[in-house]
Amino acid sequence: MHTRFAVPEGNWRAAFLLIPALAFTALPASARRIEKQFKVDTHPIVSIHSPSGTVIVKAWTKSEVLVIANIDSGNVDLGAVQNGDHIDIATRLLSNNVSPSELRADYQVDVPENTELQIHNDTGGVSVANVLGDMNVETVGAGIDLQDVAGYLTVRTVAGSFSCLRCAGHIQANSISGNMSFVDTRSTNIQGHTVTGNILFSGQFLPNGQYSLKNYSGIIELKFSPGDSFDLSATSLKGKVNNDAKLIRPRRSDRSMPREGEALFGTYNTAGRASVKLASFDGTINIVKR
């Protein structure tokens, strides 16, 4: 029997909903709460630079950006400046001798829904909800959770996990060892690449959609429903391909079959509307029913 990678979708949702609640409760007695507010137009740009801590961004209906920072150490402070419609938020050092534990600052930022986001966070966590503008998120070890977002989304992590729930737009995610999850997505273009992490896809296959999931090792799991339609290419050079989809195999194919490993090509339902490409070096690929 082949080992299947099953991530309960409810757990991803539950974990995401807990993040805002946990991040801003039970603050230490020494924590300082700092607030700053900025008037902006309809399409502002907000940049956030944090070496440590949680970054939570939510959309609201006001034409304002509200920044709330909770900081424990007296050696760091909130730095937030406005230049037109560009708001730059950063953890500011007040001393040359700041220990790594003193760098932590937890941010909650409320923005107009069409805000463009640029976020860099080394350790901690990033969550963004209901923001429809383009965004670029980069982390080292921090996990990234996006919910109900759209636009052109670019995500890069070293070891942080990435979860995308009900995301739309163009999604490009890259990681070295982080896991990835795409659940209930409504995107026509998703590229998810991780070296040693696992990848779960349980989203919609939209007409003319392009979906590419790749890793070197680990498990790639693609979930489909009876009404879906897609052209499939799945290859694992040193690993396995497990398939539950009844595919229509091409009569003739110019695709070169690997000498080792396993490969699978075909169409699920007549005239595949979307293109799905799954590739691994020595990982396992599972194509399973929802």
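Please treat every number below as a calculation from the coordinates, not as lab data. Keep in mind that what you see is a predicted model, and the values were worked out from it rather than measured. Every residue, glycine among them, receives a Cβ derived from its backbone with ideal geometry; neighbour counts consider all protein chains shown.
Key figures for this structure:
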item	result
For mean projected area of the Cα convex hull in nm², calculated from these coordinates, the label among [x] 13.8; [y] 17.2; [z] 14.9	[y]
For the chain, calculated [θ]222 nm from helices alone, where every DSSP H run of n ≥ 4 adds -39500 (n - 2.57)	-1500 deg cm²/dmol
Per-peptide average of other Cβ atoms within 10 Å, ordering 240-248, 162-170, 54-62 highest first	162-170, 54-62, 240-248
Highest-first arrangement of 262-268, 94-100, where packing means the average Cβ count within 10 Å	262-268, 94-100
Overall form of segment 77-190 per C-alpha gyration tensor (a/c, 1.5; a/b vs b/c)	oblate
Distance (nanometres) between label positions extended 7 Å along Cα→Cβ at D41 and N189	2.6 nm
For segment 141-263: rounded, prolate or oblate by the Cα gyration tensor [a/c cutoff 1.5]	oblate
Kirkwood Rh, angstrom, segment 180-234 [1 / mean 1/r, Cα pairs]	11.6 Å
Simple label model, 7 Å out from Cα along Cβ direction - D88 to V158, nm	2.4 nm
DSSP-defined beta bridges in the chain - what % are antiparallel, rounded to 5	25 percent
